[in-house]
Amino acid sequence: MPQNGESQDFAGIADGYTPPDQYSEPEELKKLGANLKDWFAKAYEARTAYDRDWELYRLYLKGDQLVVRHKDTGEVVRLTAEDSKRLRSVNNVLRPTARSLVGKLTRSVPTCTVLPATTDVEEQHAARAASAFLQYVRRKEDLDVKYLDVNNKLPWAGNAFMQVCWDSSAGADISFCEVCDFYDYGDDLLGEECPQCAMQKQQEMMLYQQKMQAEIAGAQQELAQTGMLPEAPDSPPDVEQLGPLPLQQEVPTLIEANEGDVKVYVRDPRDIFIEPGAESLEQAQMICFREVVPVATARQRFPEFGNIISSDYGVMVDRTAQLRYNQVDSYGTIEELDDHCYVYEYHEAPTPMHRKGRVIYMVNEYVVKVMESPYGAFRRFPFYHFGFDKNDGEFWREPFAAQAWHRQREINQIETQIREHVELLLRPKFFKAIGSRITTDELSATSAQVVSYNAAAGRNYFESPPPVPADIFRRNAQLAADIRMQAAVTDQEAGISMSDPNGRAMAIIEAESDQQVGPILMRNNSEWREMHRCILMLVQMYYHPERKFLTAGADGMQTYSFDEIRLEPGYDIQIEQEDGLSRNPAVRLTQALDLMNAGVFMDQQTGAPDIKAFMRHAKVKVPHAGYDDEASERAVAAKIPYLIEQGQPFIPSVEDDPMIFAEELLGWLRGPGRRADPAVRDQCRQVWMFYVGWAMQGQPPAPVSGMPGGPDQTNMGGTPNNPGRLGTDMAPGGDISSDAGAQVGQADRAAEGVARVQQNREG
C-alpha cells in the first residue's frame, strides 16, 4: 500500500485526476463530519462483541474449528502453537445442519400481490398491473437468489439486510430533456431540440398571435362603428406559459441519460451500523452502511471530489485477513488492499429541520454529498432487516450457531479422542525388556519377520488399549441431534431416512418442526412485504408513465405501461397464502396421492381423476402433460369488465370456455359489479347471459343487445387474431334481450350449477 496516501489507478478509469490536494472543507460540513464520526465510533464499539461472535460462528460453520478466543483481547485466534502434539479431528455437523435450515427457510419464496383500495374496475386493473410488475421485478432483480443469500447469513450471523435503491444510471440509454422529462430511446436525437418543448413554444406563439389578431380585429370593428381610432393598449397581450419550459428560456437540447431503475441489494450485517440503544429500525434515528470500493469507483461516484479521494488505511484483503496470520502468542503481517477506500452512507430519519430525512456520504473522513432523502415517502429507512431468533431488548438477532457451537466443540473433542484411540489400536505400545537387543526398525511392518532377541532379558509384548465404550458413540449422536434441534431441523429434513416413511407421520413431524420457525418466518415475511411496498412507491415516483414492461402470466406474455399502475391510497400488499400442504416435495406428493385416493381430485362430470388439479396441488411438472389452460381462461374473463369500462369492444371467440367465462362474470356481478357504473354493469350482464346461453345450448346463441356480435359460426376455424362475428341473419332466435326477463332466472340457475360443477372440479 502506498505510504504517502496517493492512489494508483491500475484500471485506468480515473486517469487525469491530480494527486490528492489539501481540501478546505466548509465549516458546516466539517462540523457535520465530526458529529458523524463520533456517532460511528459509538455504533462500532457497541457492535464489537457481536462481530467477534459472528466471526467465531462463521469459522465453525465453515469447518475452520481449530480456533479459540484470546484470553486477553477476546479476539478469535487460530490454534497452531498450543498443544501441537495432539491429534486433532473435526466432524463438522454444523455445516449440513445449516444447509438444511437454509433449505427449510427458502423452501417457498414469498409471493406478493397487490390488493386494491376499492372495488372500482380501474383500481382492480391497476392492482393486477402492480402485481404483474412485482413479478417482473422479482425476475429482473433475481430476488429468489437474493432471498437465498439473505437466509445463508442467518445460521452464523442471525442477521441480514436488503436495501432498495433508485439507480439513475441504470436502465436503457435515452435522449432526455431536463426541462419537460421528454425522452426517446437511442441516441438518434442527441443534441437536437426537444420536440415537446419546441411544440410548447409553437403553441404559445400561436396563442399569442391569436390574441394579437383578436385585438386588431376589435380595434377595426370599433373604428368602423364609431369612426374613431381606439386608444392603443398599454402593452401587448401576455404570453401564456403552456408547459414546463419558462417563457424566456430557449428550447433545450436532448442530452444523454439513462431511464433509471429500481435496484435491490443484499447487505452483510457486518457492514451495517445502527444507532446504539435502538431495538428496531423504526426506533433508530440514523443507520450507516459502510462499503469498500476501489478509489476509481469512488471518484466516478463523486467526480467533484476526485482530486481529494485517496486510499484508506486498514482495508483488509478479506474479512479473515486478520485471523489468517494471527497465532497464539505470535504476530503476523496484515494483508491490506491497495487503492481501496471506505464509502460511508448515512441515512438520517426525518427531523423538524429536514422533513424527509437526509442521505449523507463520507469518503476519507470528508463529507462529499448531502441530499434530501429520496426515500422520505417510505416513512422508514430503505433497509429491511431479516433475522433468526429475537431476544427482547436487543436489536441484533441471535443465530442458531450461538446455541450449537459448543456442542460442535465437544463433538470434535470426542472425535479427537476416538482418533487417538484408533491410532493406539493400529500402533499399540510395545514393552521392550532391557537387554533384549530388539531395535525399533525391527518392529515395523516393512522389516523382516524374523527377529533375534535375548530371551534371558525377559518377555517383550504389545499392550492393546481397551475398546471404546458404546456410550461414547451414543453421546456423539446425541450431540448431533441437539445441534439439529437448535436449528429446528428434523432428521428427515437433514436427509436421515425414517424406518416407516408414512406420509401422515412425516407431515406431523414436519408441522411440529415448522412451528419453531413460524415466528422467524412471520417477521421476515413482514419485512419482505414492506420491501415490495416500497418498490411500488419508487415506481410511482420515478418511472416514466409511458415506460413499459413485459410479464409472463397464466394468459401468456403481456405488456403493461406504468401509467396503468395508478393505485389509490389505501391499497395493500399481501403474501399469497399456501394451500396447507407440505412444502417438502416428497411429503407434498404423498399427501396429494392420499387426497386423490380419497376422491378429492375427481371430475364430477366424468368420474375420472382430474389430473390437472392433482398436478397443480402436488406441484408436479411433467412436460407436455396437464397444461393448465383454465388459468388462462379465467385471466382473460377477468379483464372483460375493465375492457368494457374503457370503451373497448369485447368480441367472444370460439375458443372461449363458456362455463369459466360465465362463472368469472357472475362473480364480478355479485361482487364489485354491484358498485360499478350501471351502464358497465348492464353490458357485463349481457355478456354473461351470452355465455350462459352458450353453456346451456352447447353452441353460441344469438348476439345480445349492446354486444358487438359473437363468434363467427360460418367459419368455425376462426383464430384469436381474427375471431369473426356472428351476423344478425344467422341468429336463430333473434335478439335475446327481448325476452331477457323470462330467461334471467333460468340463466342464473344454470350459471350457479356451472359454478358448483367447477368448484367441485377444483377440489
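Here are a few things to note about the model shown:
- Gln417 versus Val109: modelled label distance in nm, points set 7 Å from Cα along the beta carbon direction: 4.7
- By the beta-carbon count within 10 Å of each Cβ, the least crowded to most crowded order of Ile651, Ile308, fewest first, is Ile651, Ile308.
- If the chain linking Glu394 and Phe473 were pulled fully straight, counting 0.36 nm for each residue of separation and taking away their Cα-Cα distance, it would gain 24.6 nm.
- Each of Arg107, Arg685 has some number of other Cβ atoms within 10 Å of its Cβ, and from fewest to most they run Arg107, Arg685.
- Rounded to the nearest 0.05, the FRET efficiency derived from the C-beta distance between Ser24 and Glu442 at R0 = 56 Å is 0.10.
- Between the beta carbons of Ala433 and Asp64, assuming R0 = 45 Å, the FRET efficiency works out to 0.45 to the nearest 0.05.
- In the range 167-247, GluC sites (Glu not before Pro) in a DSSP loop with at most 11 other beta-carbon atoms within 10 Å: Glu231, Glu240
- Positive-end extreme of charge dipole, the range 332-380 - chosen from Thr351, Val370, Leu337 (charges on Cβ): Thr351
- Gain on full stretching of the segment that runs from Glu45 to Asp271 - 0.36 nm per residue minus C-alpha separation: 80.0 nm
- Gap separating the Cα centres of the range 268-297 and the range 103-155, nearest whole Å: 25
- Ranking of Thr97, Thr551 by count of other Cβ atoms within 10 Å, fewest first: Thr551, Thr97
- Where labels lie 7 Å past Cα in the beta-carbon direction, separation of Asp563 and Leu550 in nm: 2.1
- Dipole check for the range 149-290: with +1 at the C-beta of Lys and Arg, -1 at the C-beta of Asp and Glu, and the Cα centre as origin, the magnitude is about 600 Debye.
- A simple spin-label model places pseudo-atoms 7 Å from Cα toward Cβ; at Glu365 and Gln515 they are separated by 5.7 nm.
- Residues in the range 405-443 reached by a label modelled at Ala456 [backbone nitrogen below 12 Å; 7 Å Cα→Cβ]: 436
The numbers here are math on the coordinates, done by the rules we state, and not lab data. What you are looking at is a predicted structure, and each value in this text was computed from that prediction instead of being measured. Neighbour counts run over all protein chains shown; Cβ positions are idealised from the backbone, glycine included.
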